[in-house]
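Nothing in this text is a laboratory measurement; each read-out follows from the coordinates by a stated rule. Every value quoted in this text rests on a predicted model; they were computed, and no experiment measured them. Because the Cβ atoms are built from the backbone with ideal geometry, glycine has one as well, and the counts that use them run over all protein chains shown.
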Amino acid sequence: MKLHTYKDLSTLSHAVAEWLVSYVEEVLQRQDRFTIALSGGSTPQKLFALLATEPYRNRIAWNQLHVFWGDERYVPVADERNNARMASEALLNHVSIPPSQIHSWRTDIAPDASAAEYDLLLHQYFDSQQTTFDLVLLGMGDDGHTLSLFPGTDVVFEDKAWTAAYYLKAQDMYRLTLTAPVVNRAACVAFLVTGNGKADVLKEVLQGDYQPAVYPSQRVKPVSGELIWFVDEAAAGWLG
Ligand SMILES: O=C(O)[C@H](O)[C@@H](O)[C@H](O)[C@H](O)COP(=O)(O)O
């Protein structure tokens, strides 16, 4: 595991953009596609906006990117809370990725059907390979959740299916999410975490006992891939 700490969200976002540009370039030297799962939440918005503008924009071979989402809120695409909508507005509408390579979760069919469809799609993409995504970008909530793996939910312990749909009572909303088995087979998983509201939980996740039911982010442990935490000083406050 690598931990990189930056002054604030802006510095972190520039550093991640720079890192991402190099990583995509390196991967595309050995294969013809780069598969990425994006995260929702507010933290990656700055990164997405940066990637859509110079100097980063021209340094990525967008037509070789295949885009997925780690999780989705089961609300219409037109809803502000929709993760695909956020990424489209901040980034995808501004770069030239073929639409056939952009795979958002469907929220116009039943949640279970949507999860089953996504699962099938992922198996078509990755089945014969040991490794799944080239990169999974993740955020972490101040309760230790990541993806839509929330504390106290069964989906945290899913060890077979690659996707899940379930009703999240606390938010009165269905959630669609990738699970640990598919994320842990990624070549690289990168968390972006900022703000002092996350300092306590970050310390528990990284340095506390293994309690995934309480801190679902601890379920993310790439089998052979790399795990990188990009955090700001406020979030890193309590790390010893
Ligand atoms: O759809 C979502 O809610 C997410 O994908 C979620 O897992 C997110 O990454 C964290 O909640 C962190 O969100 P912030 O970056 O807004 O703190």
- Query: Which far-off residues, 5 or more places away or on another chain, put their amide H under 5 Å from the one on S148, with H placed in the peptide plane?
  - Reply: L178
- Note on the structure: Taking Lys and Arg as +1 and Asp and Glu as -1, residues besides I109 with C-beta under 14 Å from its C-beta add up to -4
- Note on the structure: Taking a straight Cα-to-Cα line shorter than 23 Å from K7, and setting aside same-chain lysines fewer than 8 residues away, one finds K46, K198, K203
- Query: So what's the gap between the Cα centers of region 90-124 and region 149-220, to the nearest angstrom?
  - Reply: 21 Å
- Nearest-0.05 FRET efficiency for H4 and V95, computed from C-beta distance (R0 22 Å): 0.30
- Message: Amide H of I102 versus every other amide H placed in the peptide plane: which residues, excluding those fewer than 5 positions away on the same chain, fall under 5 Å?
- Response: V67
- Message: Amide H of L227 versus every other amide H placed in the peptide plane: which residues, excluding those fewer than 5 positions away on the same chain, fall under 5 Å?
- Response: K2, V189
- Task: Rank these for me by crowding, K198, K46, going from fewest to most other beta carbons within 10 Å.
- Result: K46, K198
- Item | Residue among S114, V193, P76 farthest towards the positive dipole end of region 2-238, charges placed on Cβ | V193
- Query: In nanometres, what is the gap between the two model label sites at K203 and E117, each 7 Å from Cα along Cα-to-Cβ?
  - Reply: 4.5 nm
- Message: Looking at region 2-83, I'd like the Rg to Rh ratio, where Rg is from alpha-carbon atoms and Rh is Kirkwood's inverse mean 1/r.
- Response: 0.99
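For region 2-238, what is the per residue volume of the convex hull drawn over the alpha-carbon atoms, in cubic angstrom?
On the way: hull volume 27.7 nm³, N = 237.
About 117 Å³ per residue, rounded to a whole number.
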- Item | GNM top mover of E117, E158, E26 - the chain, alpha-carbon springs below 10 Å | E26
